[in-house]
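Only one structure is covered here, and it is reproduced in the block below.
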Amino acid sequence: MGNSGKLAVVAAFVSLGLLVMAAVVLEELVLYLFLGSVLICYLASLVQVFNRRRYLVVLLAAAGTSVFIGCSIAFLRMWGIAFNQDANALGSAVSTRDSDIYFYLAAVAGLGTLAVLFLGAVVPSFGSRAAVPAKRTPTTTKRTSSPRKPAPRAGTPAKRPAPRTPTAPGKRPASSASSQRKPASKR
């Protein structure tokens, strides 16, 4: 897990602690700190999911984020507090009696999106061969009894044997020095 995954885990625990603290003290500052830590967890998880190339999780998170934003705007619009003060600016006023469903849908979409991103960032992938190194099976080779030649030393160049040419029995092979001689010059 990368640094962004570790940051996502830390931010998730901090936001859970701040949620409990916000429920106890009911302070506006604690609520803003909670929302900030949730945003950090969201962004760190998103970076980690992109690093792990889990594009299905990114697609699910994009759909969940869209539903969250849409339901949040619908909830705020029904209360007349979205974008402007005039309740009839975008159309006829709607009863605020049925606005709870948008609030609950936004909450479920937001929590679901955070859960999908967090699990995509933290849970290791299954079936990945990169995570588990493959075991090598020992190979059995037949050893021959022929002696090995010693390796050449570092300072001396390796000598190669001269290629042998087939000769007739009783004849000596010509040396390489005599075959390269120039004919004697006449005086």
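The values are calculated or read from the model by the stated rules, or taken from the named source; none is laboratory data. Small disclaimer: the values here were computed from a predicted structure and weren't measured. Positions of Cβ are generated from backbone atoms using ideal geometry, with glycine treated the same way; all protein chains shown enter the neighbour counts. Areas reflect the complete protein model, heavy atoms only, side chains present, ligands, DNA and RNA absent. Shrake-Rupley method; radii C 1.70, N 1.55, O 1.52, S 1.80 Å.
Of the accessible area of the range 1-63, with the probe set at 1.4 angstrom, what percent is carbon plus sulfur?
Numbers: 3210 of 4170 Å².
C and S atoms contribute 77 percent here.
So for the pair Phe50, Phe103, with labels modelled 7 Å out along Cα→Cβ, what separation do we get in nm?
The answer from the label model is 3.4 nm.
Quick one: order Met21, Met78 from most to least accessible surface, probe 1.4 Å.
Numbers: Met21 95, Met78 30 Å².
Greatest to least solvent exposure: Met21, Met78.
For the range 1-80, rounded, prolate or oblate, judged on the Cα gyration tensor with a ≥ b ≥ c (square roots of eigenvalues), a/c < 1.5 rounded, else prolate if a/b > b/c?
oblate
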